[in-house]
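S.K.: Input: one structure, supplied below.
Read-outs: derived from the displayed coordinates by stated rules, not from any lab. These numbers come from a predicted model, not from an experiment. Every residue, glycine among them, receives a Cβ derived from its backbone with ideal geometry; neighbour counts consider all protein chains shown.
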Amino acid sequence: MKVELLSKLSDINKNDWDSLNTFNHPFMSFDFLNSLEVSKSVHSSTGWNPQHIIIKNTNDKIIGVSPNYLKMHSYGEYIFDHSWANAYENAGGQYYPKLLCAIPFTPATGPRIMIDAENSQQNKIFELVIKTFEIIVGNNKLSSAHINFTTDNFNKRLQNNIWIRRTGLQFHWHNNNYETFDDFLNQLKSSKRKAIKNERKKIKNTNLVIEKLTGEQLTDKIWDSFYSFYLNTIDKKWGGAYLTKEFFYLLNETMKNDILLIIAKQDEKVIAGALNFISKNTLYGRNWGSIVDIPFLHFELCYYQAIEYAIEKKIKIVEAGAQGHHKIQRGYIAKPTYSNHFLPNDTFARAVKNFTKLEEIEVRKQIEFINTKNSPYSHI
């Protein structure tokens with residue numbers, strides 16, 4: 001087996017990459033990752049330098065891949081290590097650049113190393129990719145390597161004491177074989193059920209027209225509208241947008257059947273939208289934006305409409321992105337997320353390991369509290 005590093009994803013054949021995406025995970029697809037690069041949403045000028053790992057067998061067949069980036073900052077990751085960077089640099093070290101294995105701007109758990117499912121040496125391929133992370137760090141004298149939003153299967157495979165696991169939490173909605181939205185509401189505590197009905201009634205009384213668009217229903221004109229209120233909302237919250245308009249045009253060319261865009265119209269004008277990605281078992285809520293302030297519109301488009309769609313299409317899980325304790329009251333429950341970190345400086349690694357151990361205890365307590373004493377469901 002041999003290792004190659006690619007500075008741009010387009011240096012690999014799309015079919016070679018996607019043939020390893022046996023999970024059909026939308027964010028690990030060639031089209032999603034390549035659109036980020038071609039649109040320059042991910043680019044050296046934005047602090048993201050692609051360093052994708054490719055594993056080939058002796059016949060030059062690609063048998064393993066992993067998306068990686070040399071990062072000059074910690075933005076757009078949703079696993080927050082700014083305090084680690086400050087501590088490392090206060091001690092005289094240089095934290096950036098660092099090596100990151102992740103999906104840019106996407107806090108969604110999924111595969112981070114994709115391996116030929118028919119290869120008999122899957123464990124060796126996995127171990128070679130992990131070793132390559134460590135070699136890149138060593139050869140370039142980097143402070144660290146990070147693998148974000150890893151799956152349970154990945155975590156079981158990475159039984160390596162020099163990697164530090166970190167636990168976080170998100171809020172996901174689970175479809176318990178509901179036939180209708182009312183079936184879901186009937187599982188909630190009375191106060192939560194009444195609150196949701198009240199919020200939805202207020203949106204209904206605005207006479208907004210809400211549409212769910214996918215496939216050929218998505219047009220450049222729709223994306224122009226979406227991008228304008230994406231910018232408006234991002235600027236209010238963060239002060240700058242990561243994603244370029246070109247990125248959304250490229251998604252429309254290559255992934256329109258994997259996208260659900262939920263829009264709201266007022267007097268025939270599109271005024272708000274919520275972008276979702278569709279997989280077999282999960283609906284991933286990503287970006288939202290609006291050019292008007294209407295109470296509860298965010299909840300309607302991002303949560304209730306997504307739940308309705310999941311029920312209709314028999315999708316098991318709705319992941320609504322990072323953070324947001326307000327999701328609990330709307331039927332979402334807390335779930336752990338995981339990341340893994342390689343820190344070659346022993347003193348720094350010990351400090352971070354102690355921190356993550358204490359952090360995990362608190363996160364587990366929080367998850368337990370949210371899903372029991374603070375659960376919105378009546379049967380808990």
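S.K.: Go through region 245-331 and name the GluC sites (Glu not before Pro) that are in a DSSP coil and have 14 or fewer other Cβ atoms within 10 Å of their Cβ.
M.R.: Details: sites: E246, E253, E268, E300, E308, E312, E319; in loops: E268.
Sites meeting the loop and neighbour criteria: E268.
S.K.: Beyond 31 Å between alpha-carbons counts as too far, so tell me which of K40/K202; K124/K327; K256/K357; K61/K357; K71/K131 fall in that bin. Present the calculation step by step, with values, prior to reporting the outcome.
M.R.: On the way: K40/K202 40 Å; K124/K327 41 Å; K256/K357 42 Å; K61/K357 41 Å; K71/K131 19 Å.
Checking Cα-Cα distances, K40/K202; K124/K327; K256/K357; K61/K357 exceed 31 Å.
S.K.: Please sort by residue number the GluC sites (Glu not before Pro) in region 69-156 whose DSSP state is loop and whose Cβ has at most 13 other Cβ atoms within 10 Å.
M.R.: Details: sites: E77, E89, E118, E127, E134; in loops: E77, E118.
Qualifying residues, ordered by number: E118.
S.K.: Then there is this: Using the basic label-point model (7 angstrom from Cα toward the beta carbon), what is the D182 to N139 distance in nanometres?
M.R.: 6.3
S.K.: With runs of 4+ DSSP H residues as the only contributors, calculate the mean residue ellipticity of the chain at 222 nm using -39,500 (n - 2.57) per run, divided by the residue total and rounded to the nearest 500.
M.R.: -10500 deg cm²/dmol
S.K.: Okay, moving on. Describe numerically, in nm with one decimal, the distance between label points set 7 Å from Cα along Cα→Cβ at K189 and at E368.
M.R.: If labels sit at K189 and E368, their model points lie 1.9 nm apart.
S.K.: Next up: Can you put D224, D18 in order, fewest other beta carbons within 10 Å first? Show your work: numbers first, answer last.
M.R.: On the way: D224 13, D18 16.
Listing D224, D18 from fewest to most nearby Cβ atoms yields D224, D18.
S.K.: At 1.567 mPa s and 4 °C, plugging the Kirkwood radius over alpha-carbon pairs of region 176-315 into Stokes-Einstein gives what diffusion coefficient in µm²/s?
M.R.: Numbers: Rh = 15.8 Å.
Translational diffusion coefficient: 82 µm²/s.
S.K.: Averaged over every viewing direction, what's the projected area of the C-alpha convex hull for region 258-344? Give it in nm², one decimal, please.
M.R.: Values: hull surface 31.9 nm².
With the hull built on Cα positions only, its mean projection is 8.0 nm².
S.K.: Same structure again: In the calculated pair distance distribution of region 321-377, what percentage of Cα-Cα distances lie above 13 Å? Mind showing how you got there, number by number?
M.R.: On the way: 1067 of 1596 pairs.
Of all Cα-Cα pairs in region 321-377, 67 percent lie more than 13 Å apart.
S.K.: So, in nm, how far is label K314 from label Q266 when the simple model puts each one 7 Å beyond its Cα toward the Cβ?
M.R.: 3.9
S.K.: Here's another thing I want to ask about it. Order these by the 10 Å Cβ neighbour count, fewest first: V209, V318. Could the numbers behind the result be given before it?
M.R.: Working: V209 12, V318 25.
Taking fewest neighbouring Cβ atoms as first place, the list is V209, V318.
S.K.: Hey, another quick one. Through the Karplus equation 6.51 cos²θ - 1.76 cosθ + 1.60, θ set to phi - 60°, convert the phi angles of region 329-343 into ³J(HN,Hα) values in whole Hz; use x for Gly and Pro.
M.R.: 5, 10, x, 8, 10, 7, 9, x, 10, 9, 9, 10, 9, 10, 10
S.K.: Still on this structure, please answer the following. Say we join alpha carbon atoms closer than 10 Å with springs in a Gaussian network model of the chain; which of P295, P26, P107 then has the biggest fluctuation?
M.R.: Maximum among the listed residues: P295.
S.K.: A further question follows. DSSP loop trypsin sites (Lys or Arg not before Pro) in region 291-331 with at most 13 other Cβ atoms within 10 Å of their Cβ, which ones? Before the final figure, lay out the partial values.
M.R.: Numbers: sites: K313, K314, K316, K327, R330; in loops: K314, K316.
In loop regions of region 291-331 (DSSP not H, G, I, E or B), the sparsely surrounded trypsin sites (Lys or Arg not before Pro) are K314.
S.K.: Most fluctuating residue of P344, P67, P104 in a GNM of the chain with Cα springs under 10 Å: which is it?
M.R.: Of the options given, P344 has the highest mean-square fluctuation.
S.K.: So if I place +1 on the C-beta of Lys and Arg and -1 on the C-beta of Asp and Glu, and nothing else carries charge, what would the dipole magnitude of region 174-297 be about its Cα centre? I want it in debye, nearest 20. Display every interim value, and only then the final one.
M.R.: Working: 19 positive and 15 negative charges, 154 e Å.
Charge dipole of region 174-297: 740 debye, to the nearest 20.
S.K.: Roughly what percent of Cα-Cα pairs across the chain reach past 34 Å? Intermediate values should be presented prior to the final figure.
M.R.: Numbers: 22355 of 72010 pairs.
The calculated P(r) of the chain puts 31 percent of pairs beyond 34 Å.
S.K.: Indicate the gyration tensor shape class of region 168-235 (rounded, prolate or oblate), computed on the Cα atoms with a ≥ b ≥ c the square roots of the eigenvalues: a/c under 1.5 is rounded; otherwise a/b larger than b/c is prolate and the rest oblate. Spell out each step's value before the answer.
M.R.: On the way: a/c = 1.83, a/b = 1.71, b/c = 1.07.
Prolate, because a/c is 1.5 or more and a/b exceeds b/c.
S.K.: Checking the a/c ratio against 1.5 first, then a/b against b/c, what shape does the Cα gyration tensor give for region 76-142? Working shown, then result.
M.R.: Details: a/c = 3.84, a/b = 1.65, b/c = 2.33.
Note, shape of region 76-142 comes out oblate.
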